[in-house]
Amino acid sequence: MSWIKLFLGLIVLFFLGFKASEKLFFIPNGWPAPVYDFSKNPPTQAKFDLGRRLFYDPILSADSSTSCSSCHSNFNAFTHTDHAISHGIHDRTGKRNSIALFNLAWKDAFFWDGAAHQLDVQALAPLTDSNELGSQVTEVLHRLKTTAPYPSLFQKAFGRNQINTQNFLKALAIFELGLISNQSKYDSVQRNEASFTSQEKNGYALFQKNCQRCHEEPLFRKNGFEKNGLPMHPAFNDVGRFPITQKNSDSLKFSIPSLRNLSYSYPYFHDGRANRLMDVLQHYNATPSIVQNPMTKNELIDLQSFLLTLNDLTFVFKKSLGYPFDDNHSKKMGH
Ligand code: HEC
Ligand code: HEC
């Protein structure tokens, strides 16, 4: 009988090997070259596993109550929908809406105002911001050095005694770069595996006419900052890019967000002031610098139906990107 066991074992190994070789990072067909320099931080499964765990672990926050995923939940395309302005530890609020995280390797600047240019450094901002995780880097590294399984996860990813700021940030970045969304209906249509309804087709034409110059296919964004006619929010006085460059022409310019996964990432805009997608479309329809010939009510519905083809359920429910702690862990924690 043992040869049967051996045979079954080989089959299992074959499939495990198959699964492990699922690409951590890939460039979908027809997409541009990524901006991120992978030669400085090559993706490995060990870095990804470590980064994923860090992303979901409240150990990163001062009072162990909040994790990256508190504001960037996988079920919401890695943003949150329960309030417009993000809440951090002690329920303190910042002044901006969290940003959905996916296809980050193609971005050359991060945050609504482009304040950060390196994804590897970006995580220091939420980690130490008193309105977000409110931690000190040295304290976090100390916790990681003294909390299983982090010493062994760091060892697998980087070698012995390698728990330091740089490696912490590299692992988080590799997880975030692996958040690739390219499985929407729109993508299937591009691959000739599906077709648009006539309503979606009309919406696509309206999109190309009015929106495409900023929300460029296939990422549905482009690098750079633009004004989209939104007046300044009276409570926040947020002028976007201006404080970064001190150029008057950058006042009220914001980073162009992707239009993928809009069904999961409401509310919209940098301050979350629009609750419904139709509110956004109506804003544009009443803004002559964006929409020269206002659309009819039916056309707006067509445009919305096209935008909904950019939802990627496969991405949102992908297990390998979700919460990594197993039942064992919660049992150990006494839940
Ligand atoms: C309290 C809520 C909160 C927490 C916790 C949080 N973030 Fe964020 N995140 C935000 C907000 C709000 C923004 C937009 C801030 C801005 O533009 O000024 C943001 C922006 C980002 C961006 C920029 C995305 C882009 O496309 O420009 C990345 C990347 C990111 N966060 C990763 C992380 C990581 C990694 C962690 C954990 C170390 C984390 N965030 C923790 C709320 C949060
Ligand atoms: C001139 C460039 C430009 C054009 C044209 C444009 N947008 Fe935008 N769009 C932006 C910018 C910049 C933002 C972010 C603004 C902010 O948050 O203050 C944005 C935000 C959005 C958002 C919110 C996304 C989110 O995650 O919060 C949606 C939805 C959107 N645009 C849809 C459209 C549609 C539909 C059209 C065409 C009718 C369009 N845009 C045309 C630049 C543009």
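Grab the Cα-Cα distance for Ala125 and Asn248, subtract it from 0.36 nm times how many residues apart they are, and report the gain in nm with one decimal.
Working: separation 123, 0.36 × 123 = 44.28 nm, distance 2.55 nm.
Working it through step by step, the gained length comes to 41.7 nm.
Could you list log10 I(q)/I(0) for the stretch 160-231 at q = 0.12, 0.24, 0.25 Å⁻¹, which the Debye formula gives when each Cα is one point scatterer? After summing over all Cα pairs, the log10 values are -0.57, -1.13, -1.17. Packing-based ranking of 187-195, 281-289, 261-269, 47-55 yields 47-55, 261-269, 281-289, 187-195, ordered from highest to lowest mean Cβ neighbour count within 10 Å.
Averaging Cα coordinates gives a centre for the stretch 164-220 and one for the stretch 39-84; these two points are 21 Å apart. Each 10 Å bin, from zero up to the one with the longest distance, holds this percent of the alpha carbon pairs of the chain: 5, 23, 32, 23, 12, 4, 1, 0. Taking amide hydrogens as placed 1.01 Å from N in the peptide plane, the amide H of Ala274 sits under 5 Å from those of Tyr268, each at least 5 positions away in sequence or on another chain. When the scattering of the stretch 185-311 is computed by the Debye formula from its Cα atoms alone, each counted once and equally, what is log10 I(q)/I(0) at q = 0.21, 0.23 Å⁻¹? Evaluating at q = 0.21, 0.23 Å⁻¹ gives log10 I(q)/I(0) of -1.34, -1.54. Take the Cβ atoms of Gln166 and Asn275, set R0 to 35 Å, and the FRET efficiency comes out at 0.30.
Return the loop-located trypsin sites (Lys or Arg not before Pro) in the stretch 241-307 (DSSP other than H, G, I, E, B) with at most 11 other Cβ atoms within 10 Å of their own Cβ; answer none if there are none. Don't skip to the end; give the middle numbers.
Working: sites: Arg241, Lys247, Lys253, Arg260, Arg273, Arg276, Lys297; in loops: Arg241, Lys247, Arg260, Arg273, Arg276.
For trypsin sites (Lys or Arg not before Pro) across the stretch 241-307 that sit outside H, G, I, E and B with at most 11 neighbouring Cβ atoms in 10 Å, the list reads Lys247.
Values in this text are rule-based calculations from the coordinates and carry no lab data. This structure is a prediction, so every number in the text was calculated from the model and none was measured. Virtual Cβ from ideal backbone geometry, glycine too; neighbours counted across all protein chains shown.
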